[in-house]
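To start, the structure under review is shown below, and the notes come after it.
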Amino acid sequence: MTLRVSGFDQARQGISNEEVLRVICELIPEPERQGVQELVYEPAVDLGVELRADRTGRVHLDIEYAMRQRYAKQAELGFHELRKDSGFERIVIRTTEDMDGNILHEFGHSVQNRLSSQAKSEWSRLHVLTAPEAFISERASADEDEDFAECYALFRLKPARLRELDPKKLAFLESNLNALRDV
Ligand SMILES: [Zn+2]
């Protein structure tokens, strides 16, 4: 499966798409990035600026786009999209802030989808048993999916830190990610 990376050369820092792909390949083992076909950098638009910038028919589309974004609270940093009909998976990144962390977080959603149902319910149990103050981040406390994505990102970036913060979730990732290798 080839991963198509685009849009990152439009980012302010001018990171090339090749560079992003190289970093992903270093951080994420092949079996864990298999599900995702496309990774796009697409910054969030400011509605006001978009309206002033374009007086043609595109304005209408941009309003819809901004509205959709407003509803998608989680989509401020980026999002993972799985189209149920085709199985097509795509990640959109919206900000250059903590870019590696955000990309890994979104890949985490893809990885979680591909766990066995037994592993998924084991994760649910781990999440439910976590004390409110023990989540590794505020984002992780939102729900079990966000918890997984946050733990996955930290696992791939700084596993020693995850060991300190939540050794049970580290152990879960260590044993269950290996199973993806055998699929
Ligand atoms: Zn998320």
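Bear in mind that the values in this text are calculations on the coordinates, not laboratory data. Owing to the predicted nature of the structure, the values given are computational and were not obtained by experimental measurement. Ideal geometry is used to build each Cβ from the backbone, glycine not excepted, and the neighbour counts take in all protein chains shown.
The phi-based Karplus calculation (6.51 cos²θ - 1.76 cosθ + 1.60; θ = phi - 60°) puts the 3J(HN,Hα) values of the range 96-107 at 8, 5, 6, 4, 4, x, 5, 5, 4, 4, 5, 4 Hz, whole numbers, x for Gly and Pro.
What is the fewest-to-most order of 148, 79 by other Cβ atoms lying within 10 Å of their Cβ?
The most exposed by this proxy come first: 79, 148.
Pairs with C-alpha atoms separated by more than 20 Å, drawn from the list 120/158; 120/168; 120/169, are 120/158.
Taking amide H positions as modeled 1.01 Å from N, with prolines and chain starts lacking one, the residues under 5 Å from residue 88 and 5 or more places away or on another chain are 83. The order of 166, 9, going from fewest to most other C-beta atoms within 10 Å of their C-beta, is 9, 166. Quick note on the range 115-183: its Rg to Rh ratio, both from C-alpha atoms and Rh being the Kirkwood radius, is 0.94. Rounded to the nearest whole Hz, the Karplus-based 3J(HN,Hα) values (6.51 cos²θ - 1.76 cosθ + 1.60, θ = phi - 60°) of the range 10-23 follow the sequence 8, 5, 3, 6, x, 7, 7, 5, 5, 4, 4, 4, 4, 4, with x at glycine and proline. Where in the range 111-142 are there GluC sites (Glu not before Pro) that are in a DSSP coil and have at most 10 other Cβ atoms within 10 angstrom of their Cβ? Qualifying residues, ordered by number: 138. A cut-off of 5 Å between modelled amide H atoms, ignoring neighbours fewer than 5 places along the same chain, links residue 5 with 39. A cut-off of 5 Å between modelled amide H atoms, ignoring neighbours fewer than 5 places along the same chain, links residue 95 with no other residue. Computed from phi, the 3J(HN,Hα) profile of the range 82-93 under the Karplus parametrisation 6.51, -1.76, 1.60 (θ = phi - 60°) reads 10, 7, 4, 5, 9, x, 5, 10, 9, 10, 10, 10 Hz, with x in place of Gly and Pro.
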